[in-house]
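Just below is one structure, and these are the notes that go with it.
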Amino acid sequence: MPWNEVSLVEQRQELVLRVLSGEVGVTDLCREVGISRKTAYKWLGRYGSGAGVWAFDRSRRPHRSPGRTSADLEALILAVRDENPAWGGRKIRQILLNRGVFPVSSASTITEVLRRHGRLGVPVRGQRDYCRFERSRPNELWQMDFKGSIGTGSGPCHPLTVIDDYSRYSVCVAACTNEREETVRPVLVSVFRSHGLPEEILSDNGSCWGKAESRYTKLGAWFLRLGIKIRHGRAYHPQTQGKNERFNRTLKAEAISGREFADHCDCQLAFDRFRLRYNEERPHEALGMLVPSSRYVVSSRSYPEVLPALEYCCGDLVRVINAGGMLHFRSSFYAVGRAFSGDAVGLRSTEGDGVYEVYYGWHQVGVLDEGSGRFFQT
C-alpha cells in the first residue's frame, strides 16, 4: 500500500535499512509499499550521501534564478516609484526605457517587484467601462472642470483644470479662491493668450458654466463672442467629462494627497510642478505610453484683446436685452437671460407664423414664439 504521509520520514528510513540488511530486494519492497523503483533508489542514494537529514523533503527552490530581476534594476524601479507613488508597472517601465535603462523587465514583473517591497496599495476593482470618444485634432475640444476644493492655511482652494481632449494635454491647473465667473475669466484669458482658442469647450452643469435648462451664463456668452462653442455634459453623468474626471484623480493622487498647503500660492507651485511632469514626462497609457506634449500644438486661433463686434444679417430685427435679461418685442417681454444683458440679439424670421430664431452674433441661442409668448433656449 502507498506510504502513510504522517510517517514518511520513518518509512523512508525503514525502507533503506531493510534493503541494506538484505532482508528484502528493492523490487519486492517497492511492490510491497506501493512506490516506484526510481523513488526507492533516490532515497538509497540520499542515504549514501551521508547527509544527516537525508529522509526529509528538500526545498524545490532552484539554486539559481538567471531570469530574476537584478538588485540594481529593482533599486531603479523603486526609485521611480518613490518619485511618483501613484505610478504602476507600465508607467515605470516606460520611464526606465526613456532613460536608456536596458534590459527592462516587463510591466507585470515590475508590478511584482513593487508588491514584494510593499509599495502597492489596495487595488481598485469593479470599475465600469464606458463608451469613450476622442476628437481628431488638438484644440478641437477642451474639457474644463473644477476639482473638489482642498483646504489650505489661508482658506479653501478650488483647482480649475482644463485639458485638451485629443492629446490629454493639461492646458491649465489653476489654484482659484472660488468658482465664480469673475475669478475664472482672468485665468482663462491668460490660458487663451498662451494656447490660443479652442473650437469647443465641454463642461459640467456647475453654476459658473451654465446648466442644461439654463445653459448660458456671462462666461458662456463671452465664449460665444470669442467664437467658442459651448457643450454641457448630462446632469449626474460625470463620465461625459471622463478625461477631465480622470485627470482630476491623477492630480489628487500625484500632487494633493498627503500634503498640507500653506496658501493658494503654495498650491499653485505644486500644480505647476505636476502639470510640467504630466505633460512632458509622465507616459499616458491612452496615448500608447507617449507623453501628452508629443500630440499637442498651440491653437492657430489667437485670443483677440478686443471682443469682436456682434454682427447680424441685414434682414434681422436687432433688439437689446435689458439688465433683467428681458427682450422687448412688439409690446411683449421675453426672458432671454441675464447672460446677454446689455448686448444686442438678432431675431430672424422663419416659415412659422410669429416664430423667430434668436441669434447672439453667429450663434443661435433660442427661438421666440409670439403665439405662446415664450422664449425657448436652444
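Residue-wise, which Karplus ³J(HN,Hα) couplings in Hz belong to segment 16-22, taking 6.51 cos²θ - 1.76 cosθ + 1.60, θ = phi - 60°, and x for glycine or proline?
Running phi through 6.51 cos²θ - 1.76 cosθ + 1.60 with θ = phi - 60° gives 5, 5, 5, 5, 5, 7, x Hz.
How many nm is it between the label spots at Glu199 and Ile150, if each spot is 7 Å from the Cα in line with the beta carbon?
3.4 nm
Which residues in segment 254-285 have a backbone N closer than 13 Å to a point placed 7 Å from the Cα of Glu83 along the Cα-to-Cβ line?
Of the residues in segment 254-285, 277-278, 280-283 have backbone N under 13 Å from the label point off Glu83.
If I take R0 = 45 Å and measure r between the Cβ atoms of Ser372 and Glu179 in this structure, what FRET efficiency does the formula 1/(1 + (r/R0)^6) give, to the nearest 0.05?
It comes out at approximately 0.80.
Could you put Ile77, Ile230, Ile321 in order, starting from the residue whose Cβ has the fewest other Cβ atoms within 10 Å?
Least to most surrounded, the residues fall as Ile230, Ile321, Ile77.
Which of rounded, prolate or oblate describes segment 317-377 when judged by the alpha-carbon gyration tensor and an a/c cut-off of 1.5?
oblate
Full-extension gain between Glu10 and Asn322, please, as 0.36 nm times their residue separation minus the C-alpha to C-alpha distance.
Additional length available on full extension: 102.1 nm.
Which value, in debye to the nearest 20, describes the size of the charge dipole of the chain about its Cα centre when Lys and Arg Cβ atoms bear +1, Asp and Glu Cβ atoms bear -1, and nothing else is charged?
Charge dipole, the chain, about its Cα centre: 1460 debye, nearest 20.
Just to be sure I understand the model, the point goes 7 Å from the Cα along the line to the Cβ. What's the resulting Arg249 to Leu290 distance in nm?
2.4 nm
Once each part is reduced to its C-alpha centroid, what is the distance from segment 265-305 to segment 67-82 in angstrom?
28 Å
Need one word for segment 5-48: rounded, prolate or oblate. Basis is the Cα gyration tensor (sqrt eigenvalues a ≥ b ≥ c); a/c below 1.5 gives rounded, then a/b vs b/c decides.
rounded
Report the label-to-label distance for Leu44 and Val189 in nanometres (one decimal), using points 7 Å from each Cα along the Cα→Cβ vector.
Placing both labels 7 Å along Cα→Cβ, they lie 9.8 nm apart.
When only DSSP loop residues count, what GluC sites (Glu not before Pro) in segment 9-47 have their Cβ near at most 12 other Cβ atoms within 10 Å?
Those satisfying the criteria are Glu23.
Values quoted throughout were computed directly from the atomic coordinates according to the rules given, and no laboratory measurement underlies them. The structure presented is a predicted model; accordingly, all values stated were derived computationally and were not measured. Ideal geometry is used to build each Cβ from the backbone, glycine not excepted, and the neighbour counts take in all protein chains shown.
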